[in-house]
Every structure is written in C-alpha cells, then in structure tokens.
Amino acid sequence: MERKLMKVYPIEENCISCRYCEVACTMVHSESQDPVKAYKLEGLKPRPTVEVKGAVSISVMCRHCKHPFCFDACISGAITVDENGKVNLDEDRCVGCWNCVLVCPFGAAHPFVERKHSFKCDLCEERGFPACVEACPNRALIYDFER
Amino acid sequence: MRYVIVGNSAAAVGCITGIRKVDKENEIVVISYEDKCYSKPMIADVLVDFPEEKLLYRDKKFFEENGVTQILGHRAISVNPESKVVVLDSGELVPYDKLLISTGALPFVPPIEGSDKKGVFTFTELGSAKAFKEYIKENGVEEVVVIGSGFIGLEVAYFLREIGINVTVVELLDRVLGKALDRRGSEIVEKMLRDKGVNFVFNNTVERIEGDEKVTSVTLKSGEVLRADAVVVAIGVRPNTDLAKTAGIEVNRGIVTDNHMATNVKDIYAAGDCIECLDITDGQRKPLPLFPLAFEQGFVAGLNMAGKEVEYLGGLPLNSLKFLEKPVLNAGIVEPPDNSYEVIVNDRFEKKGYYRKAIIKDNRLVGFVAIGEIDRVGILTNLIRQKIDVSNIKERLVSLDFGLVDLPESWRKEKLVEDKTAYKDWRAV
Ligand SMILES: Cc1cc2nc3c(=O)[nH]c(=O)nc-3n(C[C@H](O)[C@H](O)[C@H](O)COP(=O)(O)OP(=O)(O)OC[C@H]3O[C@@H](n4cnc5c(N)ncnc54)[C@H](O)[C@@H]3O)c2cc1C
Ligand code: SF4
C-alpha cells in the first residue's frame with residue numbers, strides 16, 4: 001500500500017541551536033497559545049529536543065518510524081498507527097507505563113511523569129503544518145514526503 | 001487461506017497487525033478462553049476500582065476492521081497437525097492453514113502446604129485479579145502476605161497499600177527484584193515501597209499457609225508467623241506450552257521457534273510469553289515474558305504467516321516499574337556477571353533524585369538502569385540492540401543530556417536523513 005505521509009526532517013548542518021522549534025511547539029500545543037504562559041503556567045514541555053555537542057546541533061522529534069517500537073510496547077492502546085503510517089499517541093488513554101520511553105530509538109517519546117502520560121510530536125495535525133518548521137529561521141527543519 | 005490464532009493478547013494483536021500488513025483479504029480467527037482483549041499489564045488497576053472498560057487493549061472495532069472472528073470463552077485443548085485443526089473444549093473443530101500459538105504464561109506455584117485454602121491467589125489474569133478484589137471486599141481483608149518480590153508481587157503490594165491494606169512481601173533473596181534489577185536499584189525501589197507502607201521479610205519464605213477453610217496466617221521458614229487474611233503467590237511465571245505439546249511441537253524452557261517464529265511443526269508459529277526467546281545481550285534462549293517482545297514476536301510471526309519473510313531481531317529484558325512515583329527503567333544486563341564488564345555509574349539519587357548506570361562489554365553497551373530521570377533512555381536501548389561501538393562515549397551514557405549527537409554521524413544520516421526506520425533497519429551494525 002502507498003503511504004502518503006509527510007514528516008519533519010532535520011538538517012543538522014543548518015541547525016544553529018536557537019531552540020525556536022521547541023518554543024513554537026510548546027506554544028501551539030498550549031491552551032493559552034502564549035509561549036511564556038505555555039511553559040510557566042501550563043508547565044508544558046517541547047516535543048522536539050535540540051541537542052548540542054561542540055559544533056554539532058540538531059533538533060530531534062518523533063520520526064513516525066516505519067516500524068514504531070513504541071507501538072509494539074504500548075500496553076494501553078494509546079499509541080496507534082494510521083493508514084499512512086503516522087504514529088499517534090492519545091494522551092488521555094495513556095497510563096504512563098513508560099514502555100515507549102524505554103524503547104524509542106530516538107528518545108522522542110517523552111515522559112510527563114507528574115501527569116502520568118507520555119507525549120511526542122503529532123506533526124501539528126490540528127494546525128495542518130508543523131509549527132517547528134515554520135519557526136526555524138535557518139531551514140534546519142523541513143516538511144517533506146516520507147523518504 | 002485461513003489464519004487461526006490461539007490467544008487474544010499482546011502477541012495475538014501483533015500477529016493480526018503483521019498479517020494485515022501483507023494480506024488484507026483472508027480470514028483470521030482468534031480463540032481465547034477469556035472474554036475480551038484486555039491489557040494484562042494493567043490488571044492490578046482493578047484493585048483500586050479503575051473502570052474495567054479502560055483495561056480494554058483492543059475493542060470490538062479493531063477486530064471488525066481487521067476482519068477477525070473471535071471465538072471467546074472457549075479453550076483450545078489440542079491441535080492436530082495432520083488434519084490441521086484446533087480442537088476446542090466444546091468439541092468444535094477449527095480448521096487452520098496457518099496457526100499461531102500465543103498461549104502466554106502461567107503463574108508458577110511452588111508446592112506450599114495449605115496453598116489450596118480459600119484466600120490464596122495468583123495474579124496473572126483479569127479473572128484472578130477480580131476474584132482477589134471480590135475476596136478482599138467480602139472478607140474485609142486487612143492483612144495480605146505477598147510471596148515473591150518480582151514485578152507483579154511489588155505491583156500488587158503497591159496497589160494494596162493504595163486501598164489501605166497492610167502488606168508484607170516475603171522474599172527468598174536478600175532484596176527486591178533480585179533477578180531483574182541491580183543492587184542499588186533494588187535498594188531505591190525498596191525504600192520507595194517502604195515509604196508507601198509496604199513491609200518486607202527477606203531471606204525467608206512461606207513454609208505453610210494456615211487456616212481452616214480460609215487462610216488466616218502463614219508460617220515462615222524462620223518459624224515466624226504472620227497474620228494473613230489473604231495470600232498472593234507471585235513467584236514468577238512459566239511458559240504455557242500445554243497446547244503446543246499436543247501438536248508434538250518441540251518445547252524446551254518454552255516453545256522452541258526459529259528466527260521466523262516458526263515451530264518445528266509445519267505451518268505452526270508461536271510468539272509471546274509461551275516461547276523461548278533469543279536474548280541478544282547474552283545470546284541465550286530463555287523465556288522473556290514481556291509485553292513489547294510478545295507483540296513484536298507476534299508481528300514478525302504474522303508477516304511470515306502471510307508469506308513475507310522477515311527475521312526476528314531478537315529480544316532483550318526490558319522493564320519499567322510503572323506504578324511508583326519515580327519511574328524505574330532498565331534494559332539488558334543490569335549486574336555484571338564477571339569482571340570482563342565495565343560499569344559506569346551516575347548516582348545522584350539522594351540529592352537530585354536520579355540514578356543512572358551503564359554496563360559495557362567489549363565496547364558495546366549491554367545494559368542500563370535509569371531511575372528518577374528517564375527521558376530519552378530508549379536511545380540506550382537501541383545502542384544495546386544495534387550493538388553500536390560506544391568506546392568514545394562511555395561516560396556520556398549515564399549523563400542526562402546524552403543524545404543522538406553522541407552517536408556516529410553516519411547513524412544520524414541513515415536514520416534521520418534517509419529515514420531507514422523499517423523493521424530490518426534495526427539490526428546490529
Ligand atoms: C500483573 C502483571 C503486570 C505486568 N506488567 C508488565 C509490564 O509492566 N511490562 C511488561 O512488559 N510486561 C508486563 N507483564 C507481562 C505481560 O502482560 C506479558 O508479557 C504479555 O501479556 C504477554 O502476552 P502474550 O500474548 O504472550 O500472552 P498473554 O497476555 O498471557 O495472553 C495469553 C492468551 O492466551 C489465551 N489462552 C491461553 N491458553 C489458551 C487455550 N488453551 N485456549 C484458548 N486460549 C488460551 C488467554 O486467554 C490469553 O488471551 C505483566 C503481567 C502481569 C500478569
Ligand atoms: S515515538 Fe519513537 S519509536 Fe515511536 S514512532 Fe516516534 S520516533 Fe519512532
């Protein structure tokens with residue numbers, strides 16, 4: 001079957017570790033739609049992780065893997081895969097067993113320990129276009145068809 | 001073509017998922033003596049009156065959409081590989097072209113005098129969890145003795161404290177999770193559970209369960225007597241191989257399969273807690289009764305049953321102590337068996353509330369423990385799986401900001417740029 005999936009691909013040469021992607025992600029997933037309130041009042045956390053080591057930096061978020069180990073490991077049924085291969089995590093159904101955190105090879109399924117659920121990149125499904133890609137000032141994140 | 005699956009849990013759902021990747025047409029039949037497809041790791045939740053609907057792992061819609069017929073409430077009692085039928089306890093014969101056996105594991109109950117009394121329970125099925133809950137209510141149970149401090153025993157103990165019942169865990173070894181966690185990890189887990197009010201008796205075991213019809217106390221090997229209004233036996237599980245044996249399938253410590261999850265009998269596959277799994281950290285075949293592995297094995301079996309040849313990557317011990325306030329995760333080898341292993345520790349538990357440990361052999365990560373701070377540890381699990389050389393990043397493995405930037409650039413290119421994330425792409429490098 002043809003998979004018609006678009007994903008966010010990071011380009012590490014272009015990343016300047018500004019973390020705009022993290023801020024934009026947190027904001028668009030907040031109630032307030034305000035970057036400061038999202039972090040401070042709502043206690044939200046970013047879904048992409050900007051990693052830095054010496055001169056190398058890169059933004060990493062859920063890869064919507066062709067074989068998602070998180071899906072194998074999910075005990076509650078919160079993680080599902082749609083017909084295009086997009087991997088969804090239903091935070092309300094999630095019981096916080098942390099199996100996805102334990103098996104995700106990219107470290108992209110994050111634990112929200114205080115709230116007893118995991119969270120990860122949802123490709124900004126509700127918005128239609130990933131906020132991180134929009135926010136990136138240096139074209140270090142692109143939204144492209146699955147490779 | 002007709003696929004039949006005995007079992008209706010993690011491995012079965014994995015198998016359905018695998019079959020349907022390849023074959024959207026042919027019929028799938030699932031057989032289980034239980035009445036629904038619930039999440040087994042979540043059964044302890046019934047103790048705290050968690051709504052039972054929430055335990056559902058896959059609903060009716062899932063089976064309908066995947067064209068699966070469920071035969072529920074019936075036990076498969078034998079398989080005849082000559083005529084290719086599964087015989088049910090009702091006498092019904094279910095013909096198959098390809099069969100998956102995913103009969104799970106059974107609780108191990110050692111011969112303890114008095115274990116046939118009322119009030120003695122195991123805890124590996126929704127039915128047994130519910131029966132235990134009923135017994136607690138009907139008998140006003142106040143004191144429970146849990147035999148065994150494995151994952152299930154500790155989980156039961158924790159949930160009993162949540163509903164205000166006094167619990168004593170009796171353990172043969174000198175610490176909790178003796179086989180699954182390292183010494184420091186055990187110490188931390190024990191402390192968290194003691195803070196919750198759980199009592200422990202180590203280096204001891206229950207010799208006799210006392211009472212007339214119903215249990216009232218237990219006598220320990222040391223001679224000590226503990227009041228017990230109920231007893232939970234949680235010593236461990238063993239592969240349920242009864243059905244496989246009726247088909248003449250080779251069984252060792254569990255059902256023996258090849259890398260395609262096929263048994264030695266034609267057209268019969270096996271997956272999940274009932275099999276002997278290849279542990280990639282030590283190369284040995286052994287039961288590894290874990291949910292993610294059961295699903296993955298079922299998935300691989302399903303692909304192969306439907307004609308797509310795929311080799312299983314092999315498994316590794318993977319545990320998450322999901323009920324504690326502070327998460328406790330581990331994978332692979334957690335305590336080095338000899339001094340050919342390197343151990344790197346970052347223990348800030350007292351001051352900062354976290355503990356990290358990495359175990360390395362021949363410059364490959366073979367295991368880790370993460371307590372308190374667990375974000376991104378899946379990267380470590382994958383280092384174990386892919387046997388990636390960690391000689392330049394050993395100290396980083398226990399650092400909280402460890403990430404993909406620590407991995408070889410070629411790995412990042414392959415995974416992040418080329419998107420090599422299909423099943424076969426996760427083999428050892
Ligand atoms: C209390 C508890 C907590 C757990 N917590 C965790 C955890 O946190 N993480 C984790 O990774 N794992 C956990 N596990 C283990 C996990 O539940 C198992 O690894 C997993 O369920 C195995 O799936 P399976 O499909 O192989 O078999 P099972 O889930 O054991 O299912 C076996 C199926 O076979 C059916 N069956 C058996 N024999 C027959 C027969 N003769 N005829 C018809 N049907 C039959 C049963 O009805 C059932 O549907 C836990 C287990 C328990 C009991
Ligand atoms: S959470 Fe991790 S394992 Fe799951 S699809 Fe995303 S990157 Fe893959």
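None of the figures in this text is laboratory data; all of them are computed from the coordinates on show. Just so it is clear, the model here is predicted, and its values are computed rather than measured. Note that each Cβ is placed from the backbone with ideal geometry, even for glycine, and that neighbours are counted across all protein chains shown.
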Quiz item: Going from the alpha-carbon gyration tensor of the stretch A:20-131, what semi-axes, largest first and in whole Å, does one get by taking the root of 5 times each eigenvalue?
Solution: 22, 17, 15
Self-check item: Most mobile listed residue (B:G127, B:G185, B:G119) in chain B, GNM with C-alpha springs under 10 Å
Solution: B:G127
Quiz item: Taking neighbour counts of Cβ atoms within 10 Å as a proxy for exposure, in what order, fewest first, do A:S118, A:S76, B:S83 appear?
Solution: B:S83, A:S76, A:S118
Quiz item: Of B:L324, B:I393, B:G223, which is farthest on the positive side of the dipole of the protein assembly as shown, counting Cα position, with +1 on Lys and Arg Cβ, -1 on Asp and Glu Cβ, and the Cα centre as origin?
Solution: B:I393
Exercise. Over all alpha-carbon pairs of the stretch B:326-426, lay out the pair-distance distribution in 10 Å bins, whole %, shortest bin first.
Key: 15, 47, 30, 8, 0
Quiz item: Under 5 Å between amide H atoms, partner at least 5 residues away or on a different chain: which partners does A:C18 have, H built in plane at 1.01 Å?
Solution: none
Exercise. Determine the sum of side-chain charges near B:K196: Lys and Arg each +1, Asp and Glu each -1, restricted to other residues whose C-beta is under 14 angstrom from that of B:K196.
Key: -1
Quiz prompt | Hull volume in cubic angstrom per residue (convex hull over the Cα atoms of chain B) | solution = 155 Å³
Quiz item: Could you give me the ³J(HN,Hα) list for the stretch A:126-136, computed from phi with Karplus coefficients 6.51, -1.76, 1.60 and θ = phi - 60°, whole Hz, x at Gly and Pro?
Solution: 5, 7, x, 8, x, 5, 5, 5, 4, 7, 5
Exercise. Work out from phi, with θ = phi - 60° and the Karplus expression 6.51 cos²θ - 1.76 cosθ + 1.60, the ³J(HN,Hα) of each residue of the stretch B:74-82, listed in order in whole Hz, and give x for Gly and Pro.
Key: 10, 9, 7, 9, 7, 10, 10, x, 6
Self-check item: Hydrodynamic radius of the stretch B:1-136 per Kirkwood, over alpha carbon pairs, in Å
Solution: 16.5 Å
Quiz prompt | Amide H partners (placed H, <5 Å) of A:I142, local residues excluded | solution = A:Y9, A:I11
Quiz item: Rounded to the nearest 500 deg cm²/dmol, what is the calculated helix-only ellipticity per residue at 222 nm for chain B, with -39500 (n - 2.57) per DSSP H run of length n ≥ 4?
Solution: -6500 deg cm²/dmol
Exercise. Give, in whole angstrom and from largest to smallest, the semi-axes √(5λ) of the equivalent ellipsoid of the protein assembly as shown, with λ running over the eigenvalues of the Cα gyration tensor.
Key: 38, 31, 23
Exercise. Only loop residues by DSSP count here, and only those with at most 15 other Cβ atoms within 10 Å; note down the trypsin sites (Lys or Arg not before Pro) in the stretch B:204-286 that meet that.
Key: B:K221, B:R253, B:K266
Quiz item: From the phi of every residue in the stretch B:237-242, what ³J(HN,Hα) in whole Hz does the Karplus formula 6.51 cos²θ - 1.76 cosθ + 1.60 yield, where θ is phi - 60° and glycine or proline is x?
Solution: 10, 10, x, 8, 10, 4
Quiz item: Beyond 26 Å, what share of the Cα-Cα pairs of the stretch B:120-235 remains, rounded to the nearest whole percent?
Solution: 13 percent
Practice problem: Please report A:H117, A:H67, B:H260 as a ranked list, fewest other C-beta atoms within 10 angstrom at the top and most at the bottom. | Solution: B:H260, A:H67, A:H117
Quiz item: What are the DSSP H helices in chain B that stretch 15 Å or more along their long axis, judged by alpha-carbon atoms, and whose average Kyte-Doolittle hydropathy comes to at least -0.5?
Solution: B:10-22, B:151-162, B:291-305
Quiz item: Where both partners of a DSSP beta bridge lie in chain B, what percent of those bridges are antiparallel, to the nearest 5?
Solution: 60 percent
Exercise. Let me have the 222 nm mean residue ellipticity of chain A computed from DSSP H runs of 4+ only, each contributing -39500 (n - 2.57), with the sum over all residues rounded to the nearest 500.
Key: -4500 deg cm²/dmol
Quiz item: Which value, in debye to the nearest 20, gives the size of the charge dipole of the protein assembly as shown about its Cα centre, when Lys and Arg are +1 and Asp and Glu are -1 at the Cβ?
Solution: 1040 debye
Practice problem: Identify which of A:G54, A:G96, A:G43 has the largest mean-square fluctuation in a Gaussian network model of chain A, with springs joining Cα atoms closer than 10 Å. | Solution: A:G54
Quiz item: So for the stretch A:95-147, Kirkwood radius off the Cα pairs, Stokes-Einstein at 10 °C and 1.306 mPa s: how many µm² s⁻¹?
Solution: 122 µm²/s
Quiz prompt | Only Lys, Arg (+1) and Asp, Glu (-1) charged, at Cβ; the stretch B:120-235 dipole about Cα centre in debye | solution = 340 debye
Exercise. Name the residue, out of B:F132, B:F108, B:F295, whose mean-square fluctuation peaks in a Gaussian network model built on chain B with Cα pairs under 10 Å.
Key: B:F108
Practice problem: List every residue whose amide H lies under 5 Å from the amide H of B:T216, counting only residues 5 or more places away in sequence or on a different chain, with H placed 1.01 Å from N in the peptide plane. | Solution: B:E210, B:G211
